[in-house]
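Down below is the structure, laid out as structure tokens.
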Amino acid sequence: EDQVTQSPEALRLQEGESSSLNCSYTVSGLRGLFWYRQDPGKGPEFLFTLYSAGEEKEKERLKATLTKKESFLHITAPKPEDSATYLCAVQAVIQGAQKLVFGQGTRLTINP
Amino acid sequence: DGGITQSPKYLFRKEGQNVTLSCEQNLNHDAMYWYRQDPGQGLRLIYYSQIVNDFQKGDIAEGYSVSREKKESFPLTVTSAQKNPTAFYLCASSISRATDTQYFGPGTRLTVL
């Protein structure tokens, strides 16, 4: 079964304490991997798209990387405003159709 | 400003009522989507549309209906046949159905009274 699993479910860090969020997937026919940020009660905000193993993208304190089986979202020296739920989604061809499969998210809290 | 708007932000429904959630985009995107988000679960696809006057069922279409009469608009109706409609509903759009990034609206929270 095609799956996207994010870990940990929740992560609490001190301001300035760097860490990584994981997104592992078991889909075949990967067409792209997406990272979104979602604040409580709001729609997801697009962060990155990765298409091939070895690809990296950066935006401010965030860097996303991709391997053949997983992606990491590295957060360097986070600030309280980085607190949010981070969603990973994989675009794949499933039973002949393009499909976006979402993980359940990692809830990140940065304490000042 | 280009973007996706959803209305209302909060919606309350009585048992047996149909309700319609609005989604409008001015990004000139061809593809539009409806997702449902429940606590602790990933987003699940309800319906999607690749072009005007065409739409396809997603993974959890039962109890929902859509229309796509205009490129900019993709309303979702939650019918009385949907047994557990309380959830956060998200509309998204992309340039096309292929590998393009999906951009999301602000969401509508539906509560059944």
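Based on what the data block shows, is B:A92 modelled with pLDDT of 95 or more and under 21 Å from A:G41 (Cα atoms)? Considered against the rule, which asks whether it is modelled with pLDDT of 95 or more and under 21 Å from A:G41 (Cα atoms), B:A92 comes out as yes. A:T109 passes every criterion in (1) β-branched (V, I, T); (2) over 30 Å from B:M32 (Cβ atoms); (3) assigned to a loop (DSSP other than H, G, I, E, B) apart from (3).
Residues satisfying the criterion are absent from segment B:76-83 (criterion: under 12 Å from the mean Cα position of the chain (by Cα), within 30 Å of A:E9 (Cα to Cα) and of a type outside the set (A, V, I, L, M)).
Taking segment A:3-25 as the search range and keeping residues that are among the hydroxyl-bearing types (S, T, Y) and assigned to a strand (DSSP E or B), which one is nearest to the other protein chains (Cβ to nearest Cβ)? Let's see the steps before the verdict.
If we filter segment A:3-25 for residues that are among the hydroxyl-bearing types (S, T, Y), which is where we start, we get A:5, A:7, A:18-20, A:24-25.
Of the ones still in play, those that are also assigned to a strand (DSSP E or B) are A:5, A:7, A:19-20, A:24-25.
On the way: A:T5: 10, A:S7: 13, A:S19: 21, A:S20: 20, A:S24: 13, A:Y25: 12 Å.
Going through the qualifying residues, I end up with A:T5.
Selection of segment B:81-113 for residues being aliphatic (A, V, I, L, M), out of contact with any Gly (no Cβ under 9 Å at 6 or more places or on another chain) and within 17 Å of A:L100 (Cβ to Cβ) yields B:I95, B:A98.
At least 1 residues being within 10 Å of another protein chain (Cβ to nearest Cβ) and not small (G, A, S) is the threshold, and among the strands (runs of 3 or more DSSP E) wholly inside segment B:73-113 those reaching it are B:87-94, B:108-112. Condition first: touching a Pro at 6+ places or on another chain (Cβ under 9 Å) and either surrounded by fewer than 17 Cβ atoms within 10 Å (Cβ to Cβ) or more than 16 Å from A:L66 (Cβ to Cβ) (or both). Now tell me which residues in segment A:11-28 satisfy that. Within segment A:11-28, A:L13, A:Q14, A:E15, A:G16, A:E17, A:S18, A:S19, A:N22 qualify. Residue check: A:S28 meets all listed conditions (1) among the hydroxyl-bearing types (S, T, Y); (2) in contact (Cβ under 8 Å) with a residue 40 or more places away in the chain; (3) within 13 Å of chain B (Cβ to nearest Cβ) but one, namely (3).
If a residue counts only when it is more than 16 Å from B:A92 (Cα to Cα) and touching a residue at least 24 places away in the same chain (Cβ under 8 Å), which strands (runs of 3 or more DSSP E) contained entirely in segment B:1-72 have at least 1 such residues?
Filter on segment B:1-72 gives B:10-13, B:19-25, B:64-66.
Of all residues in segment A:37-52, none are surrounded by 15 or more Cβ atoms within 10 Å (Cβ to Cβ), at the interface with chain B (Cβ under 10 Å from one of its Cβ atoms), touching a residue at least 60 places away in the same chain (Cβ under 8 Å) and under 18 Å from B:D59 (Cβ atoms).
The values are calculated or read from the model by the stated rules, or taken from the named source; none is laboratory data. What you are looking at is a predicted structure, and each value in this text was computed from that prediction instead of being measured. Here Cβ is always computed from backbone atoms with ideal geometry, including for glycine, and neighbour counts include all displayed protein chains.
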